[in-house]
Amino acid sequence: MSATVLHTEVGVSHEKQAAAKSAGRRFGALVVRLGAIAAFAAIMAYFVIFAPGFTSTFNLINVVEQSAILGVLAYGMTAVIIGGGSDVTEGGIDLSIAANMGLCAAVYATLLSMGYGDFLSVLAAIAVGMAVGALNAIAVVGLGILPLLATLAVLNVAAGMELTLTQNTVVGASSPLLGLLVSGSFLGISALAWALIVFSAITIAVIHGTAFGLRLYAVGGHPEAARAAGLSVPFYVSFTYVLSGFCAAVASILTVSRLSASTPGSGELLLSVLAAALLGTVFSRRFVPTMGGTLLSVLFIGLLANGFQLLNVSSYWVNGVQGALILLVVAITSFARGSEGSR
Amino acid sequence: MTNTVKGLVKALALGLAAACSLAAISGASAEELSLKGKRIGVSAIGTDHYWDLMAFRGIQDRVKELGGEVIALDAGRKDQQQIAQLQTLIAQKPDAIIEQLGNLEVLNPWLQKIRDAGIPLFTVDTATPHAINNTTSNNYNIGAEIALQMVADMGGKGNVLVFNGFYSVPVCKIRYDQLKYVLTSFPDVKIVEPELRDVIPNTVQSAYSNVTDMLTKSPEKGSVGAVWACWDVPQIGATQAVEAAGRNEVKTYGIDGSPEVIKMVMDPKSSAGAVAAQQPYEIGKTSVDNAAKYLAGQKVPPFTFVPSVLINKENAAEKGKPFLDAAEKAGVK
C-alpha cells in the first residue's frame, strides 16, 4: 500500500510540475507574442509621428497597391500551410509559388504579344498556374514526397519553363484589362488596391467563414482526427496546392499590369511571401496561420519599406529588420509548439 | 607723371579690373552650382556590378558635395521593388529624380508619371524620352572601338563567340549594333551562330561554361578567334574558360572596366584582349551637375557623354593604372 501511495504521490507531483511548466511556457509565449505585436505597433507609431507624409491617404493607398501582388501570393502560401500543418520541416509549404507566378506572367504576356485577347490569355495563365499547383499536389499527396522537397523541385520546373518561354528576356504586354488595372480607380482607390481588397475579402470569407475552412484547419492541425471524422485528407491538401497555383496566376496578371511586362526574376519574391505567411501567425492566439494575420503582415512589410523610405533610412535596413522579425516569430512559434508538445 | 602715362595706367587698371571681374564671373558660374535645400531622389535598379555601384556613389557624393539631401534607393535588381520605390518617391515630391539603369519597358510608364507629377527627371545610362538629360558614355564610339580592336587583333579573319543576352538594354543594343556595323567591312570575321546568352545572376559561371562548351565543340586551334560581350563580367568567365582550355590564341573583349578585368588586360599572359573602360563615378557626378544646372535655370543638353578609354595589351600599363587607383580610392577591389 505504501508503495502505491508513494507512486501516486510521485505521479501527482510530476503532473503538477508538468502542468506548471506548460502553463509557464504558455504564459511566456503569450508575453513574447504580445511583445512582438507591441514591437509592430511601436514601429508603426514611430512612422506615424516621424515619417513625413506617412499617414496621407495617397501614401496609404500606394502601400496597399504595392502590397497587392505579395498579398495574393501570401494567401496561397497561407492556405497551403493551414492545410498541410505548420510544422516548418514536414508541414505544408509551397516554395514554387513565386516561380509559378513568373511562369504564368510569361505565358500571359507572351500570348498577349502574339495577339490573343485578354480572355484567352487570362484563361491560359490561370490554367498554367493551377496545373503547376496540381503537379505539386501529385508530388506531395500522390507520391508522398515532403512538401519542402516536392515544391522545390517544381520551383525548378516552373523557373525552367519560364526561361525556355522568354529566353530570359523582358516580354512587353498591353491590353484593355492591363490598362484598367494600371489606370482604373473607383471611389478614389486604384484598381490594383481594389484587387487586393476584394481578393482578401473572398479569401477571409472562405477560409474563416465556412465549414470548408474549418475542415481545412482540422486536416492541417490533426490529420488523424480529421481522417477519423471522415474527412478526405488528400483532397483537402491537394486543394490547397491547386489554390496556391491559382493565387500565383492571379498575382501574375497583377504583376504584368504593374510592370507593363513579364520580367525575369519573379522567384525573388519567395522570401517575402514566406515571411508574410510566417509573420502572420503572430496575430493568432494559437500561433496558427490565418488569412487576416497574413494580410496584416503583408501590409506591415509594405509599410516597413515605405516608412523607411519616407524617413530616408537606407533601403538595405528593410531586409535586415524583416529578417530579424521572421527570426523572432519563428522562435516564438517553436516556443509555443514546445508547450503544446510537452502537454 | 604725364597725362599719357596716367591714361595708360588708368587703362591698365581698368583692364585689370575688368579681367578680375571676368574671372570672378566665370569663377562664380563654376561655383554657382548648388543644391542647398534641395532633395534629390536617386533610384538604381541594382548595385551588385562595379559600374552600377560607382555611378550610384558618384551621384550621392556629388549631391552631398553641393549641399543637397539624397534619397538613395537601391532596388536590389528587383523590378517590383524599383517600381514601389519610384511610386513612393513621386509621393515624396523631391526637387529632382535621377534614375540609373533598369528595364526600360518596365520603367517608361513610371518615368512618365514622374514627369506628370512635375518632377524633373535625369537619367544615368538610360535613354528615355522622359528624361531631361541622359548622362552616359559615348556607346557608339565604345562599340566601334572595341570591335575594331578585336578585328585588328584577329588579323581581319576568324570566328567570334558573341554574348547577346541583353539586347533589350539600350547601351548593349548600341554596342552590338556597332559591332555588326564594323564587321560589315570585314567579311572574313564571322559571328558563330547561335549567339551565346549572358545572364544575371551567375554571370561569370554561366559565361565560363558556355565558352568551355563552345571550345570543346570546335577543338582545332584557331577555329575560334575571339569572344565578345557588351559588358565585362561575362568577359571574366570567358577569359578563365579560354585559359583553362589552354586555347591562348582566343582573346576576349568587353566593356565597362571593372578593376578585375583591367588587371587581366594588364597581365601580358592573360587572354583578355581589351576592355573599354568607362568612368561610372564621373558619369554619376555629371548627372548631378546637370540636375543642379537645370534647377538653377540653366539650359541642359538632352545627353552628356563622359569620356571612356580603350585599354588594350599595348597601353594597359599606362592607361589602366588611373582606373585601378580610382577603384582603390573608392574602396572597391
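The values are calculated or read from the model by the stated rules, or taken from the named source; none is laboratory data. Keep in mind the model is a prediction, meaning the values are calculated, not measured. Don't worry about glycine lacking a Cβ; one is built from the backbone with ideal geometry, like all the others, and counts go over all protein chains shown. Heavy atoms of the whole protein, side chains included, go into the accessibility calculation; ligands, DNA and RNA do not. Shrake-Rupley method; radii C 1.70, N 1.55, O 1.52, S 1.80 Å.
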Comparing B:G41, B:G158, B:G273, which has the greatest mean-square fluctuation in the GNM of chain B with Cα pairs linked when under 10 Å apart? B:G158
Label-point gap, in nm, between A:V198 and A:L34 - each point 7 angstrom along Cα→Cβ: 4.1 nm
Residue by residue through the range A:237-244, the couplings from Karplus 6.51 cos²θ - 1.76 cosθ + 1.60 with θ = phi - 60°, in Hz, x for Gly and Pro, are 5, 4, 4, 5, 5, 5, 4, 4
Quantify how strongly other chains surround peptide A:57-63 by giving the mean number of their Cβ atoms within 10 Å of each of its Cβ atoms. 2
In Å² (nearest 100), what accessible area is buried between B and A, both sides summed, heavy protein atoms only, 1.4 Å probe? 2300 Å²
In deg cm²/dmol, rounded to 500, what helix-only [θ] at 222 nm does chain A give when every DSSP H run of at least 4 residues adds -39500 (n - 2.57) and the total is split over its residues? -26500 deg cm²/dmol
Hey, what do the phi angles of the range B:249-266 turn into as Karplus ³J(HN,Hα) couplings, whole Hz, using 6.51/-1.76/1.60 and θ = phi - 60°, x for Gly and Pro? 6, 8, 10, 10, 9, x, 9, 2, x, 4, x, 4, 6, 4, 4, 4, 5, 5
What is the distance in Å between the Cα centres of the range B:33-81 and the range B:151-200? 32 Å
Please average, across the residues of A:162-172, the number of beta carbons from any other chain that are within 10 Å of each residue's own beta carbon, and give a whole number. 3
Given unit charges at Cβ for Lys, Arg (+) and Asp, Glu (-), the dipole magnitude of the range A:214-343 about its Cα centre in debye, nearest 20, is 300 debye
With +1 on each Lys and Arg Cβ and -1 on each Asp and Glu Cβ, how big is the dipole of the protein assembly as shown about its Cα centre, in debye rounded to the nearest 20? 1220 debye
Zone of B:K180's modelled label, taken as backbone nitrogen in the range B:140-164 under 13 Å from a point 7 Å along Cα→Cβ: B:164
Report the accessible area of B:K221, computed with a 1.4 Å probe over the heavy atoms of all protein chains in place, in Å² rounded to the nearest 10. 140 Å²
Cα centre as origin, Lys/Arg/Asp/Glu Cβ charges: chain B dipole, Debye: 780 debye
Once each part is reduced to its C-alpha centroid, what is the distance from the range B:266-300 to the range A:254-280 in angstrom? 33 Å
Mean Cβ-within-10 Å packing, highest first, puts peptides B:100-107, A:82-89, A:294-301 in the order A:294-301, B:100-107, A:82-89
Antiparallel DSSP beta bridges within chain B, as percent of all bridges there, nearest 5: 10 percent
Rolling a 1.4 angstrom probe over the protein chains, ignoring ligands and nucleic acids, what is the accessible area of A:I138 in square angstrom, nearest 10? 100 Å²
Dividing the alpha-carbon Rg of the range A:57-327 by 2.2 N^0.38 Å yields what? 0.98
Show me the ranking of peptides A:311-323, A:190-202, B:254-266, A:250-262 by mean Cβ neighbours inside 10 Å, starting with the highest. A:250-262, B:254-266, A:190-202, A:311-323
Peptide A:257-265 - average C-beta neighbours from other chains (10 Å radius): 6
For the protein assembly as shown, what is the convex hull (Cα atoms) projected area averaged across all directions, in square nanometres? 45.7 nm²
Shape verdict for the range A:270-330, please, from the Cα gyration tensor: rounded (a/c under 1.5), prolate (a/b greater than b/c) or oblate. prolate
Among A:Y116, A:G102, A:L311, which residue has its Cα furthest toward the positive end of the charge dipole of the protein assembly as shown, with +1 on Lys/Arg Cβ and -1 on Asp/Glu Cβ? A:L311
Using 7 Å Cα-to-Cβ label points, what is the B:Y167/B:A127 separation (nm, one decimal)? 1.6 nm
With θ set to phi - 60° and the Karplus curve 6.51 cos²θ - 1.76 cosθ + 1.60, what are the ³J(HN,Hα) couplings of the range B:139-155 in order, to the nearest whole Hz, using x for Gly and Pro? 5, 5, 4, 3, x, 5, 4, 5, 5, 5, 4, 4, 4, 4, 4, 7, x
What does the net charge come to around A:S262 if you take all other residues with beta carbon closer than 12 Å to its beta carbon, with K and R at +1 and D and E at -1? -2
Amide H of B:I191 versus every other amide H placed in the peptide plane: which residues, excluding those fewer than 5 positions away on the same chain, fall under 5 Å? B:V160
For B:I255, the residues 5 or more places away or on another chain with a placed amide H closer than 5 Å to its own amide H are B:W231, B:D232, B:A276
Excluding A:P147 itself, what net charge comes from residues whose Cβ is under 14 Å from its Cβ, given Lys and Arg +1 and Asp and Glu -1? -3
Scoring chain A by relative contact order with C-alpha pairs under 8 Å, at least six apart, yields a percentage of 31 percent
Rolling a 1.4 angstrom probe over the protein heavy atoms, how many square angstrom per residue are accessible across chain B? 44 Å²
How charged is the neighbourhood of B:V265? Take every other residue with its Cβ under 13 Å from the Cβ of B:V265, and add Lys/Arg as +1 and Asp/Glu as -1. -1
Most fluctuating residue given options B:S209, B:S218, B:S270, as computed from a GNM of chain B linking Cα atoms under 10 Å: B:S218
GNM, chain A, Cα, under 10 Å: largest mean-square fluctuation among A:A99, A:A226, A:A74? A:A226
If contacts are Cα pairs under 8 angstrom and at least 6 residues apart, what is the relative contact order of chain B in percent? 18 percent
Between B:K64 and B:A244, what is the label-point separation in nm under the 7 Å Cα-to-beta-carbon projection? 4.0 nm
Per residue, accessible area of chain A with a 1.4 Å probe, heavy atoms of protein chains only, in Å², comes to 45 Å²
Considering only protein heavy atoms and a 1.4 Å probe, what is the carbon-and-sulfur percentage of the accessible area of chain B? 57 percent
Determine, from the Cβ-Cβ distance of B:T304 and A:A127 and an R0 of 51 Å, the FRET efficiency 1/(1 + (r/R0)^6), rounded to the nearest 0.05. 0.55
Using modelled amide H (1.01 Å from N, peptide plane; none on Pro or chain starts), what sits under 5 Å from the amide H of B:I98, excluding residues fewer than 5 places away? B:G41, B:V42, B:S43, B:F122
Beta bridges by DSSP in the protein assembly as shown, antiparallel share as percent, to the nearest 5: 20 percent
